[in-house]
Amino acid sequence: MAPTVAEQVQKAQVAREETRCRQIELAKGKKVKRTTIPMPVVRGGPKALCQNLEYLADVAEYDYDLSDLPFQDYCLSRGMLHLAGAAGSTRWRYHADYWLSKDDYLAAPYFRFAQEHEGNRYKYSPSEMDVQWRIIHLARATLQDCWELYQGKTIGEPSIPKPDKSATKGRANAKKSRLRQESAARKNAKPETGKLDFSEPGARGHEEKPRTNKRKTR
């Protein structure tokens, strides 16, 4: 039986912390205290799928059964069955037979070449092959996560806490109150009064007479 997604994520985090500390110890020659890694919260609710791709990337142990028809129906209801491809295809096999390794994947012509187009078949580059393998890896992890929910293994598992709605509502009410006060202050503000100097050109009420060049006639 495979560990849960949360347990596998914690295991990977502990391994990374150990690697980090050992590198520091080799560089400085002194013992480094390890940080305690708590069990991570990987889902937003008891029936929610894990949405964190970094967590899913840490999942490497599986025990789901893709030949289980009710499980296929469950994955379909969660919108995840398409990740395995068409039933019976080579892609489906690499999700159903999750013990197939990356070496097996790299050697399979099905993945190394694109579909034939006008007599030619595009060969994927090594970087493109790595991206496709990462997609398969994340799909396997998602199917494993579905299997946990399908088996009811997440009951009692802690969930990501929801935001405090009362605090959010309080901030919204405070903002509305501030806006009302500012609006009332603008309405009650008295306009500034003062005397206009009509002797200056451009002042309100001052009109300059247009200059005319009239010649005096005798």
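When only the Cβ of Lys, Arg, Asp and Glu is charged (+1, +1, -1, -1), the dipole of the stretch 1-120 relative to its Cα centre reaches about 960 debye. Students often get this wrong, so check it: of Lys11/Lys123; Lys30/Lys153; Lys11/Lys102, which have C-alpha atoms separated by over 31 Å? Cα-Cα > 31 Å for Lys11/Lys123; Lys30/Lys153; rest within. When the GluC sites (Glu not before Pro) in the stretch 82-136 are filtered for DSSP coil states and for at most 11 other beta-carbon atoms within 10 Å of their beta-carbon, the remaining sites are Glu116, Glu118.
Since every read-out is calculated from the coordinates, none of them should be taken as a lab result. What you are looking at is a predicted structure, and each value in this text was computed from that prediction instead of being measured. A quick note on method: Cβ atoms are made from the backbone with ideal geometry, for glycine too, and the neighbour counts reach across all protein chains shown.
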